[in-house]
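Everything on this sheet refers to the single structure shown next.
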Amino acid sequence: MAKPNAKGPVKTVQIFCAKCRCKLFKYRKGGKGALVKCFIERLVEDYTTQEGVCPSCQSQFARSAIIRGVPALKIIGGKVTFK
């Protein structure tokens, strides 16, 4: 499998916890689809203290994984929203 585009997309989105609406990430997202994974190298700003856990309500919203040879967070369905 090929690695994700090194330059990455230009469009940034804000990612929030679906439970408490706490801001989690500012992320460079490509495409129009749902948010399934977040590549660590594309995170612009990280507001979390523990990887994959909301700092406000302590609910787990993602699991760490290696996708296409690159560290990423696999988002658990329905746990996050983005604008």
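The values are calculated or read from the model by the stated rules, or taken from the named source; none is laboratory data. Keep in mind the model is a prediction, meaning the values are calculated, not measured. For neighbour counting, all protein chains shown are included, and Cβ atoms are generated from backbone atoms with ideal geometry for every residue, glycine included.
So the values come out like this:
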{"quantity": "Residue check for residue 4: touching a strand residue (DSSP E or B) at 6+ places or on another chain (Cβ under 6 Å), part of a loop (DSSP other than H, G, I, E, B) and either of a type outside the set (D, E, K, R) or surrounded by fewer than 17 Cβ atoms within 10 Å (Cβ to Cβ) (or both)", "calculated": "yes"}
{"quantity": "Meets criteria (farther than 13 Å from residue 81 by Cα and surrounded by fewer than 17 Cβ atoms within 10 Å (Cβ to Cβ)) for residue 63", "calculated": "yes"}
{"quantity": "Failed item in (1) modelled with pLDDT of 95 or more; (2) aliphatic (A, V, I, L, M); (3) more than 15 Å from residue 72 (Cα to Cα), with residue 53 passing the rest", "calculated": "(3)"}
{"quantity": "Members of region 66-83 found to be part of a loop (DSSP other than H, G, I, E, B) and surrounded by fewer than 16 Cβ atoms within 10 Å (Cβ to Cβ), listed by number", "calculated": "68, 69, 76, 77, 78, 83"}
{"quantity": "Single residue of region 17-47 satisfying the filter (aromatic (Phe, Trp, Tyr) and within 21 Å of residue 3 (Cα to Cα)) that is surrounded by the most Cβ atoms within 10 Å (Cβ to Cβ)", "calculated": "27"}
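One line per residue, one yes/no per condition, for (1) of a type in the set (A, V, I, L, M); (2) modelled with pLDDT under 95; (3) within 14 Å of the chain's Cα centre (by Cα):
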| site | (1), (2), (3) |
| --- | --- |
| 2 | yes, yes, no |
| 15 | yes, no, yes |
| 26 | no, no, yes |
| 46 | no, no, yes |
| 57 | no, no, no |
| 66 | yes, no, yes |
| 72 | yes, no, yes |
| 76 | yes, no, yes |
| 81 | no, no, yes |
